[in-house]
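Remarks on the structure that follows.
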Amino acid sequence: MQLPLKTILIDDEPLALSRLRRLLEKHSDVFLIISEAKNGAEGLVEIDRHHPDVIFLDIEMPLLNGFEMLSKLTKMPLVIFSTAYDQYAIRAFEENSVDYLLKPIENERLLKTIDKIRNIRSAGLIHGGNNNPYSDNLLRLLEEMKPKREIFSLSVKSGDRILLIPLTDITHFEAEEKYVFLNTLDGQKYLLSYTLTALEEKLPSHYLRISRAGIVNSHHIKEIQKHFNGKFVVVMRDRKSSQLSSGSTYGEVIRHLLDN
């Protein structure tokens with residue numbers, strides 16, 4: 001990626017936009033301002049039109065805020081956040097964007113951003129043609145931030161019928177060889193088409209992975225027994241008082257349950 005970097009400014013405050021433009025124009029060897037946008041919707045259009053190297057992005061904006069705008073990009077430029085809202089200066093975004101500038105932006109602080117850009121360029125971390133590690137990480141972070149669609153039941157086949165099993169009736173899931181089974185409070189067992197990994201992504205947070213072969217509903221745990229080598233046996237509150245052994249690398253999950 002060659003200097004100066006093609007730059008787009010995205011901010012809904014005219015005064016903030018004007019101030020940022022004047023600051024960046026002092027560093028025309030680093031930033032070449034090619035466009036501006038006053039909200040996230042316009043920002044999407046300008047990014048698609050100009051393919052910038054870097055964007056300076058406000059977060060709180062009408063129509064689409066900064067995070068919503070970024071979540072709609074498939075190929076992301078370098079992102080430098082510029083916002084007056086310091087509650088957004090969370091560590092995750094500090095680590096996964098190039099920088100985070102709190103308004104009003106001062107030239108001394110901008111110089112640190114420029115130094116950071118020069119350092120990551122010299123390290124070969126940013127280049128033309130492909131997403132860079134910062135942009136890739138930011139895309140993953142935005143994906144993780146998307147709210148999960150809440151589910152209340154899982155469908156299973158029973159002969160010619162399809163049953164909907166409420167999550168509240170499910171005590172645990174177990175993998176047996178290539179198959180995954182759903183177990184209920186009344187002792188029923190049903191074959192599922194999901195893997196345990198897929199279930200982990202779908203289920204609410206009180207469903208806990210305790211081994212490579214088991215997920216339990218923590219609301220239906222009857223007791224936890226200490227086992228050897230730091231392992232535990234989890235006894236469920238179903239009709240069969242099912243017992244599941246925790247995996248050696250899942251001890252922290254069980255200890256967290258014991259501490260609550």
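Of the strands (runs of 3 or more DSSP E) lying entirely inside segment 1-92, the ones with 2 or more residues being touching a Lys or Arg at 6+ places or on another chain (Cβ under 9 Å) and of a type in the set (S, T, N, Q) are found at 78-83.
Annotation for segment 169-183: at least one member residue is of a type in the set (D, E), free of Cβ contacts under 8 Å to residues at least 40 places away in the same chain and touching a Leu at 6+ places or on another chain (Cβ under 8 Å). Of note, I10 satisfies the criterion of being in the same structural domain as L110 (by TED's automatic domain parsing) and under 25 Å from R140 (Cβ atoms).
Just one of the numbered conditions (1) outside any loop (DSSP other than H, G, I, E, B); (2) over 22 Å from K157 (Cβ atoms) is not true of P204: (1). Taking the listed residues I170, I215, I165, the one that is surrounded by 14 or more Cβ atoms within 10 Å (Cβ to Cβ) and closer than 21 Å to H256 by Cα is I215, with no other qualifying.
Every residue, every condition in (1) closer than 26 Å to I151 by Cα; (2) of a type in the set (K, R), yes or no:
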position	(1), (2)
D186	yes, no
A198	yes, no
P204	yes, no
R209	yes, yes
S218	yes, no
V234	yes, no
S248	no, no
H256	yes, no
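Looking at segment 106-116, which of its residues are in contact with a strand residue (DSSP E or B) (Cβ under 8 Å, 6 or more places away or on another chain) and surrounded by fewer than 18 Cβ atoms within 10 Å (Cβ to Cβ)? R109, K112, K116, listed by residue number. Here I55 clears all of (1) at pLDDT 90 or above; (2) among the β-branched types (V, I, T); (3) farther than 23 Å from R19 by Cβ except the condition numbered (3). Restricting attention to segment 180-201, the residues being within 29 Å of the chain's Cα centre (by Cα) and assigned to a strand (DSSP E or B) number 4.
The values are calculated or read from the model by the stated rules, or taken from the named source; none is laboratory data. Since the structure is predicted, the reported quantities are computational estimates derived from the model, not experimental observations. Virtual Cβ from ideal backbone geometry, glycine too; neighbours counted across all protein chains shown.
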